[in-house]
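S.K.: The structure that follows is given in the form of structure tokens.
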Amino acid sequence: MAEEDFPAEECPICMGALVDPCRTRCGHIFCSECLKQSFPAETAAGRCPLCRGAISLFSTVSIATESALRPPAVSTIFGTTFLQGGRPGVASYHFEAPDDCFISYESAPAAWTLDDGSRPPPRKPFLGPSYDAASRTFTGSVDWSGGTINGGDARWEYRLVFSESMNVIEGGGSWCYGEDGGLRAHRTFPDNLVYWRALPAASSPRGLSFLQGSRVGLASYHFGPSGDGAEGSHISYAAADPSWRLDDGSAPPPRVPFLEPTYDAATRTFRGSVDWSPTSFHGDERWEYLMTFSESFDRIADGRVNAFRPGGEPGDTCRFSLPPRSLLSALGDRFSGMLFRGSLSSLLYERHDEARAEMEALLRARRAVRRSSEAAEQAARLFAGAAERRLSRRSELRLAAALTQLRVADGSAGGGAGFGGGSRGGVAGEAQAEGGGGEEQADQQHSHQLQEQAEGAVQEGADELGLGEATQSF
């Protein structure tokens, strides 16, 4: 859909006058806030609401200032680490400086060995590293000639293409060559190799968010941008399940502040409470929180939530920890309306990782494209097969009719029985034998008409099948 399909003064999302208009890289114009709200809360990358092209806040610019709606957290790969599946030291890519780039195998699984049975080195350098900022592309190679890997790989050549956000490796590949120089394998990003940028180190909850089920707004915890993060901390219900209702029937507010929040840096412990009065939530009027963060602040490692009924009567207590059963089962409880009470005995909260969320969205989009393409190909094959069967049957009947007519024509012209035209052939033969020239001429003229009709039927059948000009070679 072209930009001119909509008046320049109207936002296609809210259908109102443009407010702080912005332009996407595909050329469409929206209110800045409308476009931001159309994106998933977990990532700043998404799809254009009009043409469905891939866009992001990093390449969408304010028309007034010509600056990006959101600058990326980093502007270069140097000083960053990209993790395979989010795990450091498992063939993770480290870009310390333009001349110091390497792959880390410090935490590689025990099964990962070179072809001689030895362990890969903790640090394997990229040779000839080069980074082009304009295209966000890194190239380099890894030499395994001193001890091959993967059954004969002696050299890997890399081309990595980073996303606009610098959060994920969204394109490129790895080419594996043997000692003879022959290509042994080719793997692509992100279909075969999945890498996203490691979270920056944190020393407090300041500015961090912790999610359950990787969903922002599903009772997610958000900490303030200043000090130790206690001030301004709150719970977000912006994406709460529709079944989550306060006891007065209303939905929980999008943002519920923690009251009297405190943070103890020595123990990495946060305390605060939530007050639901004058109503209650599942019979609870107040929740009191104690959260202890892991050393890396990648999750809430311990703590509890104590619930209190109206009048101060103690309610249920739920602990923060890794759930004793599968994450999928735990998330199922949450989505069925169990906020943290009842059968759900523990809470799993992990630090929001926007790079991981962007990779998940990218992989979902690519899978959707593949499924759509596969479905279209399957539908095309089914349609073609049905059409071919349908046309083959019609054409078979027409060609059979044409063949019969040609055989009749041949028999009438030649005076013999031909291939099944005995009665007409017999009449024509008798006429010829009796010297009936007029009848013979009439039969010959009729035979030419039959020939033309048959040829037309044959050609029509051939055209329907897409065969081009019919050869008439029966």
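S.K.: Excluding ligands and nucleic acids, what accessible area in Å² is computed for residue 186 using a 1.4 Å probe, to the nearest 10?
M.R.: Accessible area of residue 186: about 90 Å².
S.K.: In addition: Once you have the Cα-Cα distance between residue 47 and residue 269, take 0.36 nm times their residue separation minus that, and quote the gain in nm to one decimal. Mind dumping the intermediate values first?
M.R.: Working: separation 222, 0.36 × 222 = 79.92 nm, distance 3.90 nm.
Taking residue 47 through residue 269 to full extension adds about 76.0 nm, to one decimal.
S.K.: Then there's this: Between residue 317 and residue 114, with labels modelled 7 Å along Cα→Cβ, what's the label distance in nm to one decimal, could you check?
M.R.: Label at residue 317, label at residue 114, 5.5 nm between them.
S.K.: Using all Cα-Cα distances in region 152-304, what percent lands in each 10 angstrom bin from 0 up to the longest?
M.R.: Histogramming region 152-304 at 10 Å steps yields 10, 27, 23, 16, 13, 8, 3, 0 percent.
S.K.: May I pose another question? Considering only 253, 195, 212, whose Cα is most displaced toward the positive end of the charge dipole of region 145-295, charges sitting on Cβ of Lys, Arg (+1) and Asp, Glu (-1)?
M.R.: Farthest towards the positive pole: 195.
S.K.: Whole-Å semi-axes of region 140-228's equivalent ellipsoid, largest first, each the root of 5 times a Cα gyration tensor eigenvalue?
M.R.: On the way: eigenvalues 327, 40, 26 Å².
Each semi-axis is √(5λ); the values are 40, 14, 12 Å.
S.K.: Any chance you could tell me what percent of the C-alpha pair distances in region 67-125 go past 14 Å?
M.R.: On the way: 1049 of 1711 pairs.
Of the Cα pairs, 61 percent sit more than 14 Å apart.
S.K.: R0 = 41 Å: FRET efficiency of residue 73 with residue 180, Cβ-based, nearest 0.05? Display every interim value, and only then the final one.
M.R.: Working: r = 44 Å, r/R0 = 1.06.
According to the calculation, E is roughly 0.40.
S.K.: May I pose another question? Please list 124, 36 in order of solvent-accessible area, largest first, computed with a 1.4 Å probe with all protein chains present. Please list the in-between numbers first.
M.R.: On the way: 124 40, 36 80 Å².
Final ranking, largest accessible area leading: 36, 124.
S.K.: Here is a follow-up. Return, for the Cα atoms of region 203-248, the radius of gyration and Dmax in Å, separated by a comma.
M.R.: Cα-based Rg and Dmax for region 203-248 come out at 12.2, 40 Å.
S.K.: Tell me, in nm to one decimal, what length is gained between residue 364 and residue 262 on full extension, where the rule is 0.36 nm per residue of separation less the Cα-Cα distance? If you can, show how the numbers build up before the last one.
M.R.: Details: separation 102, 0.36 × 102 = 36.72 nm, distance 3.90 nm.
Length difference between fully extended and current span is 32.8 nm.
S.K.: Determine, at each q value in 0.12, 0.16 (inverse angstroms), the log₁₀ of I(q)/I(0) that the Debye formula gives when each Cα of region 22-114 is one equal point scatterer.
M.R.: Taken in order of the listed q values, log10 I(q)/I(0) reads -0.57, -0.76.
S.K.: Right, another one. Test of understanding: what is the full-extension gain from residue 379 to residue 127, defined as 0.36 nm times their sequence separation minus their Cα-Cα distance? Before the final figure, lay out each step's value.
M.R.: Values: separation 252, 0.36 × 252 = 90.72 nm, distance 4.71 nm.
So the extension gain works out to 86.0 nm.
The values are calculated or read from the model by the stated rules, or taken from the named source; none is laboratory data. Treat the numbers as computed from the prediction; the structure is a model and nothing was measured. Cβ coordinates were reconstructed from backbone atoms using ideal geometry, including for glycine residues, and neighbour counts include every protein chain displayed. Just the protein is used for accessible areas: all its heavy atoms, side chains included, with ligands, DNA and RNA removed. Shrake-Rupley method; radii C 1.70, N 1.55, O 1.52, S 1.80 Å.
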